[in-house]
Structure formats: structure tokens, C-alpha cells
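The values are calculated or read from the model by the stated rules, or taken from the named source; none is laboratory data. Note that the coordinates shown come from a computational prediction; the quantities given were computed from them, not determined experimentally. Counting neighbours? That spans all protein chains shown, and the Cβs are built from the backbone with ideal geometry, glycine included. Ligands, DNA and RNA are stripped out before the accessible areas are found, and what is left, the full protein with its side chains, is counted by its heavy atoms. Shrake-Rupley method; radii C 1.70, N 1.55, O 1.52, S 1.80 Å.
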Amino acid sequence: MSACGCDTSGLKPVDEAIEALLARVPALPAVEHVALSDALGRVLAEPLAAPFPVPAWDNSAMDGYALRAADLPAEGGWLPLAGRIAAGDAADQQLPAGHAVRIFTGAPLPPGADTVVAQEDCQIEAERVHFPGVSLGAHVRRQGEELQAGAPVLEAGKRLRPQELGLLASFGVARVAVYRRLRVGLLSSGNELREPGQPLAPGQIYNSNRYCLLGVLRSLGLDVHDYEVLVDDLDASRKALAQAAAEWDILITSGGVSVGEEDHLKQAIRELGELHLWRLAIQPGKPLAFGEVNGKPWIGLPGNPAAALITSLVVARPFLLRAQGCRDVLPTPLRLTAGFAWRKRNNRRQYLRARLEQVDGELRVCLHPRQGSAMLTSASWADGLAIVERERTLEEGETVEYLPFSALLG
């Protein structure tokens, strides 16, 4: 088995690390067909073209009256009513010359009608209506003005949100082809870890990473199996990783990838497969690792809670989404005004826990005062991450890149 192919004396830039992970995405999961009601968050496996034009017929954009514009003088006038058409009605009868029909939003225009006048602009008297001067085609949704039949609607690789489900439903799609959910085995490493609800002995801590990472992975729509905590032992690590690799598509661990004598995961990976990458130019999260276990991809996240959260969102998320079949996996940061100064240069790109606040009437990116890699209180306070590039400083009022959590979770 090979040792790490990366330069362990240096730090891999974050963008290069993400590229390296994406270059090793495994074969996509199998395709399955699910009911539209069960497709939220799933990844579309086949493109969709419009089976018919949208709208399918000329229809009214307003509650009002449909008429032929040529039947009115420029200044407007009176027209008798020749019927009523509601949404869901057929409009088979030709509009008689010199007449109007009562019509409701979404209802099809009768043959011969070309204009709709809003009801609040009209004066009604018995069986006739007075209209102001009209513009030909006003308040009419034309057949195919949104989409022509055969036009591309959704590409394969699109993760389905509520608006895509509504769009699919509007074309009568009852079942949709999606990729099977990616199956992820999650393991935590550390003798010191205990579960919430258990008593703590001296030196022990609660396993916050398990619940934080379960939340991240499930927000991505993945099928996650949560294993028991790995003890800090090489043989136990080998056995647990081999079992997980036999059962799941991708393995994710937290802890055990640093340089301590009790961090055995990297050695277990070397013995079972390959270690492709270790140590990133990122803060927090430098000891992140990536490799394979018996042919299955493995991502080793840091043990510190904030570092595990941030690297799972910044580095692991694009890989996991691409392995699930997603096309667009890299979020675009917002460029906003910094409400803070950052004057200490660093040889790692920093992801600082931040949120947007109004400062002197302007929306600014503001930092939590505590940015330690073990601190989750700052992550809970924050709404996103402010990015400070390697070897850069920042003055208050300058532009800073900001990644909202809403763009990273899900």
C-alpha cells in the first residue's frame, strides 16, 4: 500500500485540495424513480424538456373582461357581455364580434379575444360594460411565453428544491428519476468521548462532533450510518474502517488525523488503502486528510468541533454533493463590507465565524470575538463565515468575502 502522495512538509491550499477531492469522485450511485412527494433534496438523474408549451394556451393574467381590441374606439366605449369563463372552463366558443366576456385569472381566452381589461378599470351596467381605451394584448399570458414545447427545463445534476418540485408537478410528472442517496459511514475517534446523558469522568468530553456532522450530512440529503466511537488503537481502527468500507459508499471520520501518538487513523488508512492528502492551508482545520479504504473514499476531519464543522462545509461538502450527482457544488461567496479589522497575517486561509449586523445604517460582516477551533458557541452565534485569504490583512470598511451558512447547509 502506498504512503501519502502529498508533500507533508507543506500545506495544501484549500482550492487545490477541493480540486483534488473532486478529481477522485467515485462512480455515481444507481438511478431510481421516486414519487414526486419524496423527491425533495434528491438529485435529478435525467434532464427534463417541456412536454408542452407554458402556458399551454392564451390565458388571462387578471380578473376582468376579455375582448377584441379592434371592437373599441381609441377612447373606449360600451360592449355587451356574451358569457363568463372561469379558470378550469373550456373556451370553445368564438367571441361574438362587438362583445366581451367576463373572465378570471388563469382562464383561457376564447377564440377571437386578444385583450383583457382589469375589472377595476371597468364600469358595469346591466349586461354591458364600459371600457377605457385599451392596449392590444394587455393582461394576456400568451401560449408558450414562458417555455416552448421541447425547451430545456431542468438539467441532470440539479438538486431538487421546492420550486423544482412545483415545476415538475406543473408538467404532470408524478415520478422522477433521481440518484440513489449516497451512503455514508460516520465514525468518531477518541477515548475521551462520551454520549450526552452519560456521566463524565475526569478528562472526558461529550461527543459533539457526532451530532454536528450528522446534521451536516443529513442536510445534504445523504443516507448516514453512525458507528460507535473508535477507541485510540491501531488494530481497532483497522477493523472498524475495514468493516465500514465493506458496508458504505464513503467513510467520514472525525479526530485521529493529527500528529499525536494516539492518532492512529492515518496509519490504519495507509495499511488498508492510500492516503492521498493531509494537512491543508486552512484555519481552523489544518489536519484534514483524504484517502481510500479498500477502494472506498475516506475523509478524515479534524477532532476539534469548530474545525470539524467548518471543514465539513468547506471541503467535504463539494465532494459529497458531486459524488451524489450534483452539478453545481461550489457556493459563491458574497462580497460585503467588513465590520472588523484583521491585521495578523497567516499562511492559511481563515474561515472566521461571523454574522451580518447593521452598523451605522450599513449591513456589515461582524466577527465573534472567540475564534478557537474547539469553540462551537461562536459557530452557533454566527450566520456564516468570513474569509481572509492567506498572507492578507483586512481593515474595517474593506470588502470581505462572506459565505452564509444558508448556502452551505443543504
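Odds and ends about this structure:
- Per-residue ellipticity at 222 nm, computed for the chain from helices alone with -39500 (n - 2.57) per DSSP H run of at least four residues, works out to -5000 deg cm²/dmol.
- For the residue pairs K12/K344; K158/K344; K12/K158; K12/K239; K12/K296, the alpha carbons lie more than 32 Å apart in K158/K344.
- Of W78, W278, W342, the order by accessible heavy-atom surface (1.4 Å probe, DNA, RNA and ligands excluded), from most exposed downward, is W78, W342, W278.
- For segment 10-123, the Cβ-based charge dipole about the Cα centre amounts to some 180 debye (Lys, Arg positive; Asp, Glu negative; other atoms uncharged).
- Counting 0.36 nm for each residue step from A69 to Q358 and taking away their Cα separation leaves a gain of 98.9 nm.
- Restricting attention to the chain, close to 70% of DSSP beta bridges with both partner residues there are antiparallel.
- Here segment 46-77 and segment 273-331 have alpha carbon centers that stand 52 Å from each other.
- Counting only protein chain heavy atoms and rolling a 1.4 Å probe, the accessible areas of F405, F131, F52 rank, largest first, as F52, F405, F131.
- Qualifying trypsin sites (Lys or Arg not before Pro) for segment 46-109 [loop in DSSP, other Cβ within 10 Å: at most 10]: none
- Paramagnetic label zone (point 7 Å from Cα along Cα-to-C-beta, E19; backbone N under 17 Å) in segment 321-352: 329-331, 349
- Placing a label point 7 Å from the Cα of N191 along the Cα-to-Cβ direction, the residues of segment 219-235 whose backbone N falls under 16 Å from that point are 229-235.
- Mean separation of Cα contacts under 8 Å, 6 or more apart, over the residue count of segment 225-342: relative contact order %: 21
- What you get for the chain, charging only the Cβ of Lys and Arg (+1) and of Asp and Glu (-1), is a dipole of about 1020 debye around the Cα centre.
- Options Q350, A268, F290, ranked by Cα towards positive dipole end of segment 251-373, top entry (Cβ charges): Q350
- Antiparallel %, DSSP beta bridges [both residues in segment 102-255], to 5: 20
- Principal-axis analysis of the Cα atoms of the chain puts helix 234-247 at an angle of about 30° to the longest axis.
- Against the criterion of solvent-accessible heavy-atom surface with a 1.4 angstrom probe, E357, E396 sort, most first, into E396, E357.
- For the chain, averaging the sequence separation of C-alpha pairs within contact (under 8 Å, six or more residues apart) and dividing by the residue count gives a relative contact order of 18 percent.
- Computed accessible area, D121, all protein chains, 1.4 angstrom probe, square angstrom: 90
- Taking segment 61-102 and dividing mean pair separation by its residue count, relative contact order in percent (alpha carbons under 8 Å, at least six apart): 55
- For segment 151-194, the share of accessible area belonging to carbon and sulfur comes to 52 percent (1.4 Å probe, ligands and nucleic acids excluded).
- Surface accessible to a 1.4 Å probe, E292 within the full protein complex, Å²: 50
- Cβ-based charge dipole, segment 103-211, positive-most Cα from S189, V178, G133: S189
- Nonlocal amide H pairs with V31, under 5 Å, H built at 1.01 Å: R180
- The figure for W248 is an accessible area of roughly 30 square angstrom, using a 1.4 Å probe on the protein chains alone.
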